[in-house]
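Submitted below is the structure of interest, expressed as structure tokens.
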Amino acid sequence: MKERHSSKPLGSTEEALHRIETPCGFSSTADEVAEGIDLSGKRAMVTGGSSGLGIETARSLAAAGAEVTLAVRNTDAGARVAADITASTGNDRVRVARLDLVDRTSIWCVPYFFVGSCHFRRL
Ligand SMILES: NC(=O)c1ccc[n+]([C@@H]2O[C@H](COP(=O)([O-])OP(=O)(O)OC[C@H]3O[C@@H](n4cnc5c(N)ncnc54)[C@H](OP(=O)(O)O)[C@@H]3O)[C@@H](O)[C@H]2O)c1
């Protein structure tokens, strides 16, 4: 794999920190950012993954081998996007979870998506 990201010590005061250098900039696409990176065995969650930038971010993560969860309000739209991403990347580990970021119950349920069912009662 070609080394695209390098890590150099910052200096004496912050020896524990490292500057991350990347060839990517404002005009870089998600595919360019992910180029040469193997995300096999990694999990990614993309909020807003059923439209706009979220779709292409999720697609790039899936193309790099990650298991991707689209965290969306509209799960029907999410399912359509997941199928499209699987078709275009060959990665069938693209899932959909319901998430509305203005609904605390919905947010609390997200971790349970990974470990089991969620049955919080709305108060
Ligand atoms: N910094 C920059 O240069 C730059 C450039 C472009 C965009 N952006 C930002 O990047 C973000 C995405 O842009 P975009 O063009 O992809 O916008 P978009 O197509 O409108 O997508 C926004 C996504 O957020 C979701 N969303 C909105 N409210 C939500 C909520 N309460 N809970 C869960 N999901 C919610 C929407 O879901 P629904 O489909 O259900 O509505 C939609 O999927 C925006 O915040 C935009 O301002 C920044």
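The values are calculated or read from the model by the stated rules, or taken from the named source; none is laboratory data. As the structure is a computational prediction, the values presented were derived from the model and not from experiment. Cβ placement follows ideal geometry from the backbone for every residue including glycine, while neighbour counts extend to all protein chains displayed.
Under 7 Å between Cβ atoms, at least 6 apart or on separate chains: pull out the pairs that start in region 29-40 with a residue that is assigned to a helix (DSSP H, G or I) and end on any residue that is polar (S, T, N, Q).
Ala30/Thr57; Ala30/Ser60; Asp31/Ser60; Ala34/Ser60
With Ala62, Ala58, Ala30 as the choices, which residue is within 13 Å of the ligand (Cβ to nearest atom), surrounded by 15 or more Cβ atoms within 10 Å (Cβ to Cβ) and modelled with pLDDT of 95 or more?
Ala58
If you don't mind, there's one more thing I want to ask. Of the numbered conditions (1) in a loop (DSSP other than H, G, I, E, B); (2) out of contact with any helix residue (DSSP H, G or I) (no Cβ under 8 Å at 6 or more places or on another chain); (3) within 24 Å of Trp108 (Cα to Cα), Asp76 satisfies every one except a single condition; which is it?
(1)
Out of Gly78, Gly52, I need the residue that is at pLDDT 95 or above, within 14 Å of the ligand (Cβ to nearest atom) and either not assigned by TED's automatic domain parsing to the domain that holds Ser28 or not basic (Lys, Arg) (or both). Which one?
Exactly one of Gly78, Gly52 is at pLDDT 95 or above, within 14 Å of the ligand (Cβ to nearest atom) and either not assigned by TED's automatic domain parsing to the domain that holds Ser28 or not basic (Lys, Arg) (or both), namely Gly78.
For residues in region 43-52 being surrounded by fewer than 19 Cβ atoms within 10 Å (Cβ to Cβ) and in contact with a strand residue (DSSP E or B) (Cβ under 9 Å, 6 or more places away or on another chain), which is nearest to Ile85 (Cα to Cα)?
Filtering region 43-52 for residues that are surrounded by fewer than 19 Cβ atoms within 10 Å (Cβ to Cβ) and in contact with a strand residue (DSSP E or B) (Cβ under 9 Å, 6 or more places away or on another chain), the one nearest to Ile85 (Cα to Cα) comes out as Ser51.
Given Ala97, Ala83, which one is more than 9 Å from the ligand (Cβ to nearest atom) and either in a strand (DSSP E or B) or among the acidic types (Asp, Glu) (or both)?
On inspection, the qualifying residue turns out to be Ala97.
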